[in-house]
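Chemist: Quick one: the structure is below, and I'll ask about it shortly.
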Amino acid sequence: MRDGIRYECDEKDLTGKKICMCSAVFKSYKKARATGWCLAKDYKTCYCPVHAPAHQRGNAKNTNKKAHAALQRLVKIGLSN
């Protein structure tokens, strides 16, 4: 039995050089997606939560916008207290 799946962000600059060194280990791809990682259909290409919004389309992008709005509301509440 494996301990987990290692994901590394595939964000690259215009020359094709990797610019993000983020990596994480999750027990399943569902847990990776739940924490904000963007995974392609082939489950090999992935992006960290920082770079994921630029690579998401359709409902995944809308879900990310909702999560970001919720985070902003929490930050405002935390700052006002």
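The values are calculated or read from the model by the stated rules, or taken from the named source; none is laboratory data. Remember, it's a predicted structure, so these values are computed and weren't measured experimentally. Positions of Cβ are backbone-derived with ideal geometry, glycine not excepted, and every protein chain shown enters the neighbour counts. Heads up: the accessible areas ignore ligands, DNA and RNA and are worked out on the full protein's heavy atoms, side chains in. Shrake-Rupley method; radii C 1.70, N 1.55, O 1.52, S 1.80 Å.
Chemist: Being open to solvent by 50 Å² or more (accessible area, probe 1.4 Å), at pLDDT 85 or above, part of a helix (DSSP H, G or I) and under 21 Å from GLU11 (Cβ atoms): is that true of LYS61 here?
Modeler: no
Chemist: Kindly indicate whether any position in the stretch 64-76 is open to solvent by less than 80 Å² (accessible area, probe 1.4 Å), modelled with pLDDT under 85 and either within 11 Å of the chain's Cα centre (by Cα) or at positive phi (or both).
Modeler: Yes, the stretch 64-76 has at least one match.
Chemist: Mind checking which residues of the stretch 3-22 are without any contact (Cβ under 8 Å) to a residue 24 or more places away in the chain and not in a loop (DSSP other than H, G, I, E, B)?
Modeler: Within the stretch 3-22, ARG6, LYS12, LYS18 meet the criteria.
Chemist: Also, quick follow-up: Taking the stretch 35-58 as the region of interest, how many residues are part of a loop (DSSP other than H, G, I, E, B), among the hydrophobic types (A, V, I, L, M, F, W, C) and over 16 Å from MET21 (Cβ atoms)?
Modeler: Of the residues in that region, 1 qualify.
Chemist: Residue by residue through the stretch 1-54, note down the ones that are open to solvent by 100 Å² or more (accessible area, probe 1.4 Å) and in contact with a Ser or Thr (Cβ under 8 Å, 6 or more places away or on another chain).
Modeler: If the condition is that a residue be open to solvent by 100 Å² or more (accessible area, probe 1.4 Å) and in contact with a Ser or Thr (Cβ under 8 Å, 6 or more places away or on another chain), then ARG6 is the only one that fits.
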